[in-house]
Amino acid sequence: MEDLGAKVSYLALPVGTRVYDVDSAPVGVVEHVLTDEPKDIFHGVIVAPPGPDQSHRFAHREQIADLYERGVVLSVPGAEMRDPGEDPPAGVVEEAAHHPVQADLRRAWQRLSRPR
């Protein structure tokens, strides 16, 4: 596994960060960080798969060992991540992600928030 950098808060975890399972195998990249901002609760991350023929997965906060600048390390094998629809907050994000306006807004935000 590559150098993942310093540990970070879920608040600083960028979309596109690589995700590794407990055995250091890559399982995808962070698609969305799920939080309840008013209550400051971290639910987990939606993980985009490495291949187009695979489905998105959800890593609940209890399945995440550590968050780093350049990587998320799970405490479980990648196969133990759930389908986003199995978790209410994750299912809402997954459903919204397929809405065309939501996708356009996400791309615009990523362009604006990208470090220069």
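The values are calculated or read from the model by the stated rules, or taken from the named source; none is laboratory data. All figures in this text were calculated on a predicted structure; none of them were measured in a lab. Here the Cβ positions follow ideal geometry from the backbone for every residue, glycine too, while neighbour counts run over all protein chains shown. Heavy atoms of the whole protein, side chains included, go into the accessibility calculation; ligands, DNA and RNA do not. Shrake-Rupley method; radii C 1.70, N 1.55, O 1.52, S 1.80 Å.
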**OP:** Could you state how much accessible area LEU4 has, in square angstrom rounded to the nearest 10, with a 1.4 Å probe and all protein chains kept in place?
**Re:** 20
Subject >> Sites VAL76 and ASP3, calculated FRET efficiency, Cβ-Cβ separation with R0 25 Å, nearest 0.05 >> reply: 0.65
**OP:** Would you calculate the separation in nanometres between label points at ARG61 and ASP40, each defined as 7 Å from the Cα along the Cα-to-beta-carbon direction?
**Re:** 1.1
Original post:
What does the accessible area of ARG61 come to, in Å² to the nearest 10, when a probe of 1.4 Å is used?
Top reply: 100
